[in-house]
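Worksheet: one structure, shown below.
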Amino acid sequence: MIAPLLTRITYGVSIDLVTNLIINMYEAHFSLKEKLFSISPDPRFIYLTAQHQEALAKVQYAISQRMGVSAIYGDIGAGKTSLARRLWVLYADG
């Protein structure tokens, strides 16, 4: 329902084209070197709250002590995937 509305607002210009123009405008204005938005979180830009730091430390300890399976659980949007990706970056090469 929203796509026809946006198409009418942009006078027949494709939504993808309009989205790319907006993103390019922000990249040029702020001199960004990377894409603004991504479907998956980038582990380089994670903000670790005290709870995130504690969970990361516990999982790192479990890994270093070879304790077996360790789980991170929490509500939707709590940062579980971000922590998992951070762990992947830390341990993928080693």
Legend entry - Per-region count, region 68-83, residues touching a helix residue (DSSP H, G or I) at 6+ places or on another chain (Cβ under 9 Å) and surrounded by 11 or more Cβ atoms within 10 Å (Cβ to Cβ): 8
Legend entry - Single unsatisfied condition, residue 23 versus (1) at pLDDT below 80; (2) in a helix (DSSP H, G or I); (3) loosely packed, with under 12 Cβ neighbours inside 10 Å: (3)
Inset, instruction - Could you tell me which numbered condition residue 89 fails, if it satisfies all but one of (1) at negative phi; (2) modelled with pLDDT of 90 or more? - result: (2)
Inset, instruction - List every residue pair whose Cβ atoms sit under 8 Å apart, with the two residues 6 or more apart in sequence or on different chains, where the first one lies in region 54-69 and is over 18 Å from residue 88 (Cβ atoms) and the second, anywhere, is assigned to a helix (DSSP H, G or I) and not charged (D, E, K, R). - result: 67/61; 68/62
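Results for (1) assigned to a helix (DSSP H, G or I); (2) more than 30 Å from residue 19 (Cβ to Cβ); (3) not charged (D, E, K, R), shown as yes or no for each residue.
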{"residue": "31", "(1), (2), (3)": "no, no, yes"}
{"residue": "38", "(1), (2), (3)": "no, no, yes"}
{"residue": "53", "(1), (2), (3)": "yes, yes, yes"}
{"residue": "61", "(1), (2), (3)": "yes, yes, yes"}
{"residue": "69", "(1), (2), (3)": "no, yes, yes"}
{"residue": "77", "(1), (2), (3)": "no, no, yes"}
{"residue": "83", "(1), (2), (3)": "yes, no, yes"}
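The values are calculated or read from the model by the stated rules, or taken from the named source; none is laboratory data. Nothing here was measured: the structure is a model prediction, and the numbers come from that model. Every residue, glycine as well, gets a Cβ built from its backbone with ideal geometry; the counts of neighbours run over all protein chains shown.
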